[in-house]
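Colleague: First the structure, which I've put down as structure tokens, then a few questions once you've had a look.
The values are calculated or read from the model by the stated rules, or taken from the named source; none is laboratory data. In this text the structure is predicted, and so the values were computed from the model without any measurement. Glycine also receives a Cβ, built like all others from the backbone with ideal geometry; neighbour counts cover every protein chain displayed.
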Amino acid sequence: MSTNEVSSPEYSAAGTTAQKMSLPMLTAMVVGSMVGSGVFMLPRRFGDHAGIFGALVAWGIAGGGMFMLARVFQSVAERKPELDSGVFAYAKAGFGNYAGFFAALGYWAGTAIGNVSYFVLIMSTVGLIKITVIPPSVPIGHGDYESGMRTTIFGEGDTLWAVAISSVIVWAVHYLILRGVKQAAFINTIATVAKIVPIVLFLVFVAFGIQADIFAANFWGGEEATFANIYGQARGVMGVTLFVFLGVEGASVYSRYAKKRSDVGTATVFGFLGVLCLFMLITILSYGVMLKPELTQVAQPSMAGVLAHVVGPWGRVFIGIGLIISVTGAYLSWCLLAAEVLYSAGKTENMPKLLARENTQNVPSAALWMTNIVTQFFLITTLFSADALRLMVDLTGAVNLIPYLTVAAYGLKLAWTRETYDARPQGRTADLIQSAIATVYTAWLIYALGLKFLLLSAIIYAPGTALYIWARREQKQRVFTTVKLGLFIVAAVAAIVAVVMLATGYLTL
């Protein structure tokens, strides 16, 4: 979810596709899934932590790790074609119902939180336009007004006004979807054009604006060229690299609609490689026009500030308008996707049957209500965050790591146990190596993001287990085995620790 938009084919009212998809359509879905809101944040997020060499190392690690994960999706999609809906189906097949539930919960929660990052970024973009607010106590024309009272009601997308307007949009879209909105493909086409055109022009203008002395000054990021410093720089941007690559599984989520199952994996890999090149270009070119300390001061969306630095104020407006159209249009698709995840999980008994209910318009209404209630909750939490956009981006990535880790581990399990390889043994060694690297990479990301986001993720996973208990009781099945109970206890303890640390100020948003 980048929280990044899903360039989906046309949805039915229930949030599912209505046609079979070719390889180009699947590839477009993967690209659209990753090239979303996150791409507009890259210059500042990298400028905050890394120089050019550190950025290249970071993209090398992230690109290599995510490419291995993309290859795992490709391999599993081809070897387990009967598993539909992607991520949580793989987790359930490999490690049981509780793992499948955790993957479904994490993937859905990551989508909902990613939607919040959309709103924060939209309001932050609008906030770049200074809106003068005149308090009733200040007479118009008062001399002190111009010097000290000028402000913006949207700030960095985390003010009361920003949250209020975002909330209105959330529930307006909610109402439209309940009424049976089916135009996601048309809206997404407009959003894609609004996104691609500014990005292409950004690359062209910034490439012509590169200055060799600025590029050289940014190479080591103002630090000594030691292993520790470069590692620290790369680790510092792992959160945003994870965020922009969210969606690498875009083709597998709708794998059951592919004309050929082999197209799912091919689209995943081709789309990924193209997107990686795009992200690297945006990041590295920005270092050639602004010094690293300047990049850290650029307001988000930082692509707008960088372009404005090169071509003047119109660059900020141009990127801002494109972003607003793109991200606003993308929200409908992501809202439908989140509901689809819960709806599918309810259908496959990973979640309570209630979430598989549809209204008279064939919309998964229960799943939609739950999604938007959670989105509203996290919107409110942005009022209490020192950096709401960074928090939502990193938290989105953190909760998605469990689903990704289960997929990587499932690919490793298949290759290790030789399941499906007796009949088709070719490629087992490559699959074994790729899935092992993907497993280590996703596990390392949990460490790289830090204890803070591990604890915050537990606040989602532990209470969310109530839905698993509900579903198991509906099926009259045993809720926990000894191992599963142990996992739940670990998650519950972590959640309690996180709440206590938040309450006492040891952990901040």
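Colleague: Which ones in segment 295-322 are assigned to a helix (DSSP H, G or I) and either β-branched (V, I, T) or surrounded by fewer than 17 Cβ atoms within 10 Å (Cβ to Cβ) (or both)?
Modeller: V306, V310, V311, P313, W314, V317, I319, I321
Colleague: So, one more: Does A415 satisfy the condition of being in a helix (DSSP H, G or I) and more than 23 Å from A112 (Cα to Cα)?
Modeller: Answer is yes for this residue.
Colleague: Okay, moving on. When only residues in segment 134-159 that are more than 24 Å from the chain's Cα centre (by Cα) and closer than 23 Å to M123 by Cβ count, which is modelled with the highest pLDDT?
Modeller: I153
Colleague: Before we move on, is Y331 in contact with a helix residue (DSSP H, G or I) (Cβ under 6 Å, 6 or more places away or on another chain), of a type in the set (S, T, Y), crowded, with 19+ Cβ neighbours inside 10 Å and at pLDDT below 90?
Modeller: yes
Colleague: Condition check: out of contact with any helix residue (DSSP H, G or I) (no Cβ under 8 Å at 6 or more places or on another chain), aliphatic (A, V, I, L, M), modelled with pLDDT of 85 or more and surrounded by 15 or more Cβ atoms within 10 Å (Cβ to Cβ). Does I230 satisfy that?
Modeller: no
Colleague: Can I ask one more? Consider Y421 carefully, then state whether it is under 21 Å from A99 (Cβ atoms) and crowded, with 16+ Cβ neighbours inside 10 Å.
Modeller: Answer is no for this residue.
Colleague: The conditions are (1) more than 23 Å from G247 (Cα to Cα); (2) of a type in the set (A, V, I, L, M); (3) part of a helix (DSSP H, G or I), and L278 fails exactly one of them. Which is it?
Modeller: The single condition L278 does not satisfy is (1).
Colleague: Do any residues in segment 337-353 that are on the phi > 0 side of the Ramachandran plot have Cβ atoms under 7 Å from those of residues that are surrounded by fewer than 24 Cβ atoms within 10 Å (Cβ to Cβ), where the two are at least six apart or on different chains, and which pairs are they?
Modeller: E349/A471; E349/Q475
Colleague: Conditions: (1) over 20 Å from V240 (Cα atoms); (2) hydroxyl-bearing (S, T, Y); (3) buried (at least 23 other Cβ atoms within 10 Å of the Cβ); (4) modelled with pLDDT of 90 or more. T382 meets all but one. Number of the miss?
Modeller: Against the list (1) over 20 Å from V240 (Cα atoms); (2) hydroxyl-bearing (S, T, Y); (3) buried (at least 23 other Cβ atoms within 10 Å of the Cβ); (4) modelled with pLDDT of 90 or more, T382 comes up short only on (1).
Colleague: Still on this structure: (1) outside any helix (DSSP H, G or I); (2) modelled with pLDDT under 90; (3) surrounded by fewer than 20 Cβ atoms within 10 Å (Cβ to Cβ); (4) of a type outside the set (K, R): which one isn't true of I196, the others all being true?
Modeller: Of the numbered conditions (1) outside any helix (DSSP H, G or I); (2) modelled with pLDDT under 90; (3) surrounded by fewer than 20 Cβ atoms within 10 Å (Cβ to Cβ); (4) of a type outside the set (K, R), the odd one out for I196 is (1).
Colleague: For N362, only one of the following conditions fails: (1) in a helix (DSSP H, G or I); (2) among the polar types (S, T, N, Q); (3) at pLDDT below 85. What is its number?
Modeller: N362 satisfies every listed condition except (1).
Colleague: In this structure, is A386 assigned to a helix (DSSP H, G or I) and among the aliphatic types (A, V, I, L, M)?
Modeller: no
Colleague: Based on this model, can you work out whether A443 counts as surrounded by 16 or more Cβ atoms within 10 Å (Cβ to Cβ), within 27 Å of the chain's Cα centre (by Cα) and of a type in the set (G, A, S)?
Modeller: Answer is no for this residue.
Colleague: When you go through A430, A436, A448, A471 one by one, which is the residue that is assigned to a helix (DSSP H, G or I), under 26 Å from V76 (Cβ atoms) and in contact with a Leu (Cβ under 7 Å, 6 or more places away or on another chain)?
Modeller: Exactly one residue qualifies, and that residue is A436.
Colleague: Of these, A471, A448, which one is on the phi < 0 side of the Ramachandran plot, at pLDDT below 90, buried (at least 17 other Cβ atoms within 10 Å of the Cβ) and more than 24 Å from the chain's Cα centre (by Cα)?
Modeller: A471
Residue-wise test of (1) more than 20 Å from P403 (Cβ to Cβ); (2) modelled with pLDDT of 80 or more.
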{"position": "S8", "(1), (2)": "no, no"}
{"position": "A13", "(1), (2)": "yes, no"}
{"position": "M21", "(1), (2)": "yes, no"}
{"position": "M25", "(1), (2)": "yes, no"}
{"position": "G32", "(1), (2)": "no, no"}
{"position": "D48", "(1), (2)": "yes, yes"}
{"position": "K80", "(1), (2)": "no, yes"}
{"position": "F88", "(1), (2)": "no, yes"}
{"position": "F95", "(1), (2)": "no, yes"}
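Colleague: I'd like to check something: does segment 343-364 contain any residue that is surrounded by fewer than 24 Cβ atoms within 10 Å (Cβ to Cβ), closer than 22 Å to R79 by Cβ and out of contact with any strand residue (DSSP E or B) (no Cβ under 6 Å at 6 or more places or on another chain)?
Modeller: Yes; the residues of segment 343-364 include at least one that is surrounded by fewer than 24 Cβ atoms within 10 Å (Cβ to Cβ), closer than 22 Å to R79 by Cβ and out of contact with any strand residue (DSSP E or B) (no Cβ under 6 Å at 6 or more places or on another chain).
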